[in-house]
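Reviewing the structure listed below.
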Amino acid sequence: MASPFFPSPNTSTGTSSNKLSLLGLRPPTSDLLNLAARQRAVRTSVTTRPRPAVVSPAIVPFEPVETKHSSGDSKLAAWTSIRQERWDGELAVEGDVPLWLNGTYLRNGPGMWNIDDYDFRHLFDGYATLVRVNFEHGRVVASHRQVQSEAYKAAMKNRRLCYREFSECPKPASFFSYVGELASLFSGASLTDNSNTGVVMLGDGRVVCLTETIKGSIQIDPDTLETVGRFVYEDNLGGLIHSAHPIVTDSEFLTLLPDLLRPGYLVVRMEPGSNERKVIGRVNCRGGPAPGWVHSFAATDRYVVVPEMPLRYCVQNLLRAEPTPLYKFEWHPESGSYMHVMSKATGNIVASVEVPPFVTFHFINAYEEVDEDGRVTGIIADCCEHNADARILELLRLQNLKSFAGLNVLPDARVGRFRIPLDGSPRGELYSALNPEEHGRGMDMCSINPAYLGKKYRYAYACGAKRPCNFPNTLTKVDLVEKKAKNWHEEGAVPSEPFFVARPGATEEDDGVVISIISDKNGEGYALVLDGSSFEEVARAKFPYGLPYGLHGCWVPK
């Protein structure tokens, strides 16, 4: 969920002008100024070293650091920076880890939110911290490392911010240095490569950390967590941004490349073992001065579902030295909200429908509706939808997260279900897939059984809410058939994304475990293992310290 920026050609070869020309773009003196003018006209309101030896069963010592919150709680670690750059050790286990659970859970997230005495503003600004939890025959060994991005290394060397993050940008020494910084922004040189959003295992086994800047694709070693180097896309598509969440299977890697100058999205595919993205097709935006934000999207076996929401990228806000209420975006409800469906085989748009306004970070899944004769009649696409309320971005300021005063300030959210007809109808539907009270009107950070990706499914796992709260504070299992939810909650705990791992040989969709890393109210932390069916706790493996809140993870089988 880090910095979104406008497309520009790949910065690996050629001059800035040559790079822009690869996409048919010109330097900012023309098109970008025209784009900014269009936005002003329609705006209505309102980003390898060898592996250290693992000590077993002892814990590698760490240096405890007391951190103060404005709420007076000095123990909760969820919103404070990681206490040291790296750590390895075996975890003490309470309960019984299933013996079949053999492999590694990796979690990525923004784990360092300060440089000396300078505190970052937003959850999405922090430098990436990778956490590794390895399960083998009931034992649990863990480690963490900072991802060695250029942004992180420059900050540690110079003791100051050196690249543009989600809401942060380097402080210019003068007006002329600011002008120079803007010039580097257009070429992509000043954009962050801080890959603090997700981590995925490609079909060929390579593991890559990602964020919304393309240069922030960084390959890591899943066994040591060492940074291997930048994952370079070897094609001529260029671009500076893409969806932070690609759709990755054993056979393909799908992502979206937003285009701010000719508002739309390129849908691209990359095969396992390749670094070359190939264009499937293009979606032209139907409304607004710029594309809607595409942090994630959905796909079925045959189709790619491209959302176009009224929370749209904004060049003017990108150029500012200080953040606006919606950061790099603007809210344009008058521009309309749309869902587009593209055929993977042909690149043709088979449906483009208007839907009610929506705000979502994360899509859950999508599948095809078929009639009695097996013909596809529509697409169902589910997401964590925030009731078209863009205030969720501002809520994620660290000051808000640290200063919880017991008030119920978390905006409502739901499982938003889109139905997109394929009969040429101009409108689609958006409704709640179940009563949001089932999960406390909180819904985000979702996962499913990966075997059901793009197929009709029943269960989703996400973070919900036990109110009052200012942030999702439960784990929830949603049953989309019975329209019920089971919830796990521990007072004062902040859970990260629940990640489902299927039991080998399982035939039932929920036969497996759910893994989440928890920061609790006592300054401690642990890896939690829940039974995927009953949603009851089966084990917890305790860290010697509380970890900062993290975002998304992946599973690397043994």
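One table, with the values for the structure above:
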{"item": "Calculated on alpha-carbon atoms, Rg and Dmax of the range 288-403 in Å", "result": "16.6, 58"}
{"item": "Backbone HN-Hα couplings from phi across the range 439-451 [Karplus 6.51/-1.76/1.60, Hz, Gly and Pro as x]", "result": "10, x, 6, x, 6, 6, 6, 10, 8, 9, 5, x, 5"}
{"item": "Spin-label model distance (nm) - Glu429 vs Lys278, 7 Å beyond Cα toward Cβ", "result": "3.8 nm"}
{"item": "Anchor Lys328: lysines whose Cα lies under 20 Å away (excluding residues fewer than 8 positions away in-chain)", "result": "Lys171, Lys215"}
{"item": "Cα gyration tensor shape for the range 97-166, rounded if a/c is under 1.5, else prolate or oblate", "result": "prolate"}
{"item": "Area projected by the alpha carbon convex hull of the range 440-558, averaged over all directions, nm²", "result": "7.9 nm²"}
{"item": "Sequence-distant residues sharing a close amide H with Asn387 (under 5 Å, placed H)", "result": "Val359, Arg414"}
{"item": "Amide H contacts of Ala92 (H built 1.01 Å from N, under 5 Å, at least 5 apart or other chain)", "result": "Lys542"}
{"item": "Built amide H within the under 5 Å cut-off of Ala298, gap 5+", "result": "Val305"}
{"item": "Modelled FRET efficiency - R0 25 Å, Ala506 with Lys484, Cβ distances, 0.05 increments", "result": "0.70"}
{"item": "Given charges at Cβ of Lys, Arg, Asp, Glu: the range 209-298 dipole, positive-most of Tyr265, Phe297, Gly238", "result": "Tyr265"}
{"item": "Sequence of Trp555, Trp113 when ordered by accessible area, the most exposed leading, probe 1.4 angstrom", "result": "Trp555, Trp113"}
{"item": "Karplus 3J(HN,Hα) series, Hz, for the range 151-157 with 6.51 cos²θ - 1.76 cosθ + 1.60 (x for Gly, Pro)", "result": "5, 5, 5, 5, 5, 5, 6"}
{"item": "Close Lys-Lys pairs in the range 436-539, where close means Cα under 27 Å and separation is 8 or more or interchain", "result": "16"}
{"item": "Unit charges on C-beta of K, R, D, E only; dipole of the range 418-494, Debye", "result": "180 debye"}
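The values are calculated or read from the model by the stated rules, or taken from the named source; none is laboratory data. In this text, all values refer to a predicted model and were calculated from it rather than measured experimentally. Cβ: placed from backbone, ideal geometry, glycine included. Neighbour counts: every protein chain shown. Only protein heavy atoms, including side chains, enter the accessible area calculation; ligands, DNA and RNA are left aside. Shrake-Rupley method; radii C 1.70, N 1.55, O 1.52, S 1.80 Å.
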